[in-house]
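Heads up: the structure comes next, in structure tokens.
The values are calculated or read from the model by the stated rules, or taken from the named source; none is laboratory data. It should be emphasised that the depicted structure is a prediction, and the values quoted were computed from it without experimental measurement. Note that we place each Cβ from the backbone using ideal geometry, even for glycine, and neighbour counts take in every protein chain shown.
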Amino acid sequence: MCWPIRVYELTKTMATYRASLSLPTAAEPTQSHTRRSLRAFFRSWVNWIALLIIVIGFLMAITPKEWLPHDPTAVNPALRLQPPSLFSGEGDFLLGTDTLGRDILSRSIYAARWTYLVSVSAVVISTVLGTMAGLSAGYFRGWLDTIIARLIDMQLAFPIVLLSIAVLAVSGPSLLNMILVLGLVDWARYARVVRGSALSLREEDFVDAARATGATSWRIMMRHILPNILSSIVVLTTFSTARLMLTESALSFLGLGVTPPATTWGSMIGGGRDYILQAWWISAIPGTLITLTVLAINLAGDGLRDAFDPRGER
Amino acid sequence: MFARFRVLLVAILALVLTAGCASTVTPTGVQPGDTENTSSGVVEEKVLVIGHHVDPVTLNPVTNTTAAFQSVTASTIEQLVYFEPEGSDILPGLAESWAFSDDGLQLTMNLKEGVIFHNGEEFNAEAAKFSLEQLKASPPYERWTQEFGDIEVVDDYTVVINFAEPTGFALSALGRGSYVLPPAYYAELGAEEFSLAPVGTGPYQFVEWVKDDHVTFEAFEDYWGGPPAFDRIVWRVIPEDAARVAALQVGEVDLITNVTPGQANTIRNDENLRLVSIPGVRVFMTYVDSRLDHPVADPMVRRAMNYAVDKDGLVALFDGEARGLDGQYLLPGIIGYDETLDNFAYNPEKAKELLAEAGYPDGFTMTLKYPIDRYPLDKEMGETVAAYLEAVGIDVEQVPLEYGEFRRQHVEEETMGPAWMWGLATPSDPHMMVSLFGPGSIYTRFPDDQRVFDLIDQGMRETDTATREGTYKELMAIWNEEPLGIYMIVPNDLYGMSIAIENFVPRTDQVVDLRTTTTSE
């Protein structure tokens with residue numbers, strides 16, 4: 001269970017070591033920080049595996065409904081709770097069927113699109129919102145900063161799941177509501193990080209220089225401050241995707257998720273809740289998929305963070 | 001070190017064993033001469049513990065119609081007449097026989113003699129009259145007792161109910177709510193106070209009620225039906241479904257109510273437990289609003305939708321613990337059920353043909369609303385119906401709603417949209433069932449149809465069973481030709497119990513009546 005982590009640590013150390021050895025020749029002045037970081041990222045095989053799992057998930061998400069072995073939404077109660085033929089060797093459902101007799105394999109693939117859609121869209125919303133809020137707070141300071149910083153504190157003090165349940169219970173479960181709720185509750189994490197960085201960056205000489213040449217505040221924020229924070233945002237984004245995927249699963253498990261026939265891995269787990277002792281595969285298979293995907297995204301996030309960390313390069 | 005420890009252990013064990021023996025030996029040893037006492041002294045108290053799914057809000061059965069509350073006092077407060085356990089016939093209770101006058105305006109009831117209440121009051125015609133007056137005055141029963149007029153005491157054991165109009169379902173109203181109350185005690189305490197310390201004529205009398213925890217009853221030795229089978233009955237409140245089954249498995253409780261379909265197999269597979277089921281009263285349908293300008297307004301489309309949905313498939317969702325409706329609102333065993341009607345056996349091809357014939361060869365779009373987490377498998381049923389309709393080309397947009405919101409929309413908004421799925425529960429009397437769809441009812445979501453309203457009214461006024469049957473069959477035929485929606489299923493009510501529990505009779509009306517229940521232990 002824990003050897004991959006140890007190997008991963010080792011790999012990381014070696015990568016750092018190798019990087020430090022090759023620094024004098026490899027670090028040419030023309031090579032950008034981003035390119036160097038990406039190169040460091042791809043030096044680790046753990047990152048490759050994580051990326052592979054994420055890419056497989058994306059491929060599942062874009063697989064057309066018609067290509068799936070069975071229709072993921074057609075019910076057949078006569079064939080409900082069939083065990084996976086993968087283990088039992090009988091039946092034509094590789095991963096078994098659920099409580100309504102739908103093929104778990106087809107549904108797992110079909111659910112990937114909604115699972116990814118919800119978490120990725122929510123992350124996009126929260127990234128944009130959080131970055132804008134954090135940038136303006138950190139750059140303009142003053143009363144705007146006071147207000148935004150207090151808002152961030154308030155938002156962070158509120159448990160995400162609780163807030164989402166409350167909002168979804170009132171607005172009713174739907175795909176759009178789910179995306180909006182998750183996107184709107186997660187902005188504070190970005191805002192806090194971005195605000196901190198912007199606060200220190202705005203005192204830098206190159207910002208003063210830009211201001212002296214008459215650049216507008218917008219231009220300074222976008223062209224001079226934002227690029228310097230981008231790597232932290234990217235790292236934060238990966239962790240956020242994983243976390244929102246879990247939150248989405250939790251909400252779907254509670255029945256607050258997307259509306260049928262759309263489904264997510266979380267709602268598949270919820271659907272098998274009452275049958276866990278009779279038919280473990282209904283919940284276990286989407287559960288495994290969530291675990292693998294979240295683990296992969298987290299590992300990729302870890303890898304990105306290490307790769308972008310300037311201290312790691314030297 | 002170890003040796004000494006072992007000696008100590010043996011000594012303790014010996015002490016425990018002898019002490020244990022001593023305590024079991026003493027009672028028989030002390031009273032060697034008294035044979036009667038010896039036998040009863042050895043037999044331990046017989047206690048029946050029920051794991052109930054809800055804490056009763058009140059123990060006064062006449063102020064509400066909630067079977068889950070009334071179950072708790074069903075073996076304490078008896079009724080004049082009862083519904084038969086499964087069906088719509090009426091069986092005697094504390095009224096031994098009855099007869100309608102020829103004009104149908106009077107019902108004469110002959111009462112059982114020699115019945116006393118737990119507090120010593122005597123049951124007679126005055127008590128019956130008092131009880132019927134409480135029923136008449138009770139708001140939840142009003143819609144069924146509004147035709148009830150004066151109640152007369154003829155002699156000590158005969159009572160007559162007068163009606164404003166001939167009332168065919170009067171006995172059903174009595175079967176549902178003719179609770180026999182002690183007049184002096186009830187009048188002194190009032191309905192509210194009575195709920196805290198109910199008194200009746202049943203085999204088990206009230207002991208205590210600890211809110212959200214348990215209600216205890218003990219045997220009433222002077223019961224007219226002979227000595228009760230149990231010394232005590234304890235209703236324990238266990239709201240969590242899984243916890244109730246677990247309590248039954250470990251023997252903490254002997255009988256549980258409201259077993260969910262998902263847990264039925266757990267009980268079935270346990271050799272110490274037994275699963276008992278009975279068709280329930282909640283009729284699940286996908287209703288349509290045929291007043292709307294929408295394809296569902298066409299009866300042919302509605303018939304097509306009925307052919308599209310596999311009732312057997314829905315029954316399979318419940319592991320067989322449900323029964324499909326036969327193209328009509330009434331169930332077999334209820335007056336007016338017609339087995340000759342088209343039961344809309346699953347036939348997606350015919351559904352497509354009918355849709356094409358009605359002018360929708362490519363189907364149409366409709367929303368389907370359904371409540372979630374309210375009834376067992378409600379979400380699954382909604383998804384299944386939607387999938388069946390999708391299969392014949394109808395594009396269904398599913399709208400699962402939290403029950404409170406579903407209910408609010410149903411009550412407050414003009415329309416639920418073209419289609420919604422849920423279950424309505426009524427006593428198994430044809431009038432009580434079909435009058436849901438009477439004129440002005442919130443459940444009536446079809447254009448006013450005088451034929452239908454006349455038949456409902458006519459059925460209400462008939463006291464002769466054969467004529468009643470003809471009326472309701474006529475109504476069922478209309479609703480078969482022009483369906484109210486998609487006729488789906490009635491899930492069974494499930495009870496789990498230890499195999500030692502015998503003679504438990506489940507009832508369609510969901511009231512748990514333990515008067516005849518015994519134990520083999």
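Things to note:
- Residues of the stretch B:418-429 that turn out to be over 17 Å from residue B:373 (Cα atoms) and within 14 Å of chain A (Cβ to nearest Cβ), as a count: 0
- Listed here are the helices (runs of 4 or more DSSP H) enclosed by the stretch B:402-508 that have at least 2 residues being farther than 27 Å from residue B:279 by Cα and in contact with a Gly (Cβ under 7 Å, 6 or more places away or on another chain): B:450-461.
- Taken over the stretch B:244-287, residues that are within 14 Å of another protein chain (Cβ to nearest Cβ), assigned to a helix (DSSP H, G or I) and among the aliphatic types (A, V, I, L, M) amount to 4.
- Among all positions in the stretch B:106-114, there is no residue which is assigned to a helix (DSSP H, G or I), crowded, with 23+ Cβ neighbours inside 10 Å, modelled with pLDDT of 90 or more and among the hydrophobic types (A, V, I, L, M, F, W, C).
- Against the test of being in contact with a Lys or Arg (Cβ under 9 Å, 6 or more places away or on another chain), closer than 30 Å to residue A:219 by Cα, touching a residue at least 12 places away in the same chain (Cβ under 8 Å) and assigned to a helix (DSSP H, G or I), the options A:122, A:61, A:133 yield a single qualifying residue, A:133.
- Selection of helices (runs of 4 or more DSSP H) fully inside the stretch A:228-314 by the criterion of at least 3 residues being away from every other protein chain (no Cβ under 14 Å), surrounded by fewer than 19 Cβ atoms within 10 Å (Cβ to Cβ) and in contact with a helix residue (DSSP H, G or I) (Cβ under 9 Å, 6 or more places away or on another chain) returns A:281-308, A:310-313.
- Only one of the numbered conditions (1) modelled with pLDDT of 90 or more; (2) touching a Leu at 6+ places or on another chain (Cβ under 9 Å) is not met by residue B:409, and that is (1).
For (1) in contact with a Phe, Trp or Tyr (Cβ under 6 Å, 6 or more places away or on another chain); (2) modelled with pLDDT under 90, each residue gets a yes or a no:
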position: A:53; (1), (2): no, no
position: A:59; (1), (2): no, no
position: A:68; (1), (2): no, yes
position: A:73; (1), (2): no, yes
position: A:98; (1), (2): no, yes
position: A:126; (1), (2): yes, no
position: A:129; (1), (2): yes, no
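- Residues in the stretch A:64-92 that are surrounded by 15 or more Cβ atoms within 10 Å (Cβ to Cβ) and closer than 28 Å to residue B:396 by Cα: 13 in all.
Rundown of residues vs (1) under 22 Å from residue A:236 (Cβ atoms); (2) within 14 Å of another protein chain (Cβ to nearest Cβ); (3) surrounded by fewer than 15 Cβ atoms within 10 Å (Cβ to Cβ); (4) basic (Lys, Arg), yes/no style:
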site	(1), (2), (3), (4)
A:145	yes, no, no, no
A:176	no, yes, yes, no
A:182	yes, no, no, no
A:208	no, no, yes, no
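- Restricting the stretch A:215-227 to residues that are among the β-branched types (Val, Ile, Thr) and more than 16 Å from residue A:128 (Cα to Cα) leaves a set whose member that is surrounded by the fewest Cβ atoms within 10 Å (Cβ to Cβ) is A:216.
- Test set (1) surrounded by fewer than 23 Cβ atoms within 10 Å (Cβ to Cβ); (2) within 13 Å of residue B:179 (Cβ to Cβ); (3) touching a Leu at 6+ places or on another chain (Cβ under 8 Å) - residue B:58 fails condition number: (3)
- Residue, farthest from residue B:301 (Cα to Cα), within the stretch B:361-394, restricted to residues that are away from chain A (no Cβ under 11 Å) and of a type in the set (Gly, Ala, Ser): B:393
- Filter result for the condition that a residue is modelled with pLDDT under 95, over 26 Å from the mean Cα position of the chain (by Cα) and in a helix (DSSP H, G or I), over B:188, B:192: B:188
- Residue list for the stretch B:261-301, restricted to those being of a type in the set (Gly, Ala, Ser) and under 30 Å from residue B:87 (Cβ atoms): B:262, B:264, B:277, B:280
Quick grid of which residues meet (1) charged (D, E, K, R); (2) touching a residue at least 40 places away in the same chain (Cβ under 8 Å):
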| site | (1), (2) |
| --- | --- |
| A:195 | yes, yes |
| A:201 | no, yes |
| A:205 | yes, no |
| A:213 | no, no |
| A:222 | no, no |
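- Qualifying residue in the stretch B:144-156 (condition: assigned to a strand (DSSP E or B), in contact with a Phe, Trp or Tyr (Cβ under 7 Å, 6 or more places away or on another chain) and not assigned by TED's automatic domain parsing to the domain that holds residue B:60): yes
- Conditions (1) surrounded by fewer than 23 Cβ atoms within 10 Å (Cβ to Cβ); (2) of a type in the set (S, T, N, Q); (3) not assigned by TED's automatic domain parsing to the domain that holds residue B:67; number of the one not met by residue B:167: (1)
- Evaluated against (1) within 20 Å of residue B:331 (Cβ to Cβ); (2) of a type outside the set (Phe, Trp, Tyr); (3) in contact with a Phe, Trp or Tyr (Cβ under 9 Å, 6 or more places away or on another chain), residue B:481 falls short on exactly one condition, (3).
- Candidates in the stretch B:436-463 are the residues that are out of contact with any helix residue (DSSP H, G or I) (no Cβ under 6 Å at 6 or more places or on another chain) and hydroxyl-bearing (Ser, Thr, Tyr); of these, the one that is surrounded by the most Cβ atoms within 10 Å (Cβ to Cβ) is B:463.
- Of the residues making up the stretch B:261-278, those that are small (Gly, Ala, Ser) and at pLDDT below 90 are B:262, B:264.
- Set B:312, B:326, B:342: member being acidic (Asp, Glu), in a helix (DSSP H, G or I), in contact (Cβ under 8 Å) with a residue 24 or more places away in the chain and outside the structural domain of residue B:504 (by TED's automatic domain parsing): B:312
- Subset of the stretch A:69-110 (residues that are among the hydrophobic types (A, V, I, L, M, F, W, C), under 22 Å from residue A:253 (Cα atoms) and within 14 Å of chain B (Cβ to nearest Cβ)): A:74, A:75, A:81, A:100
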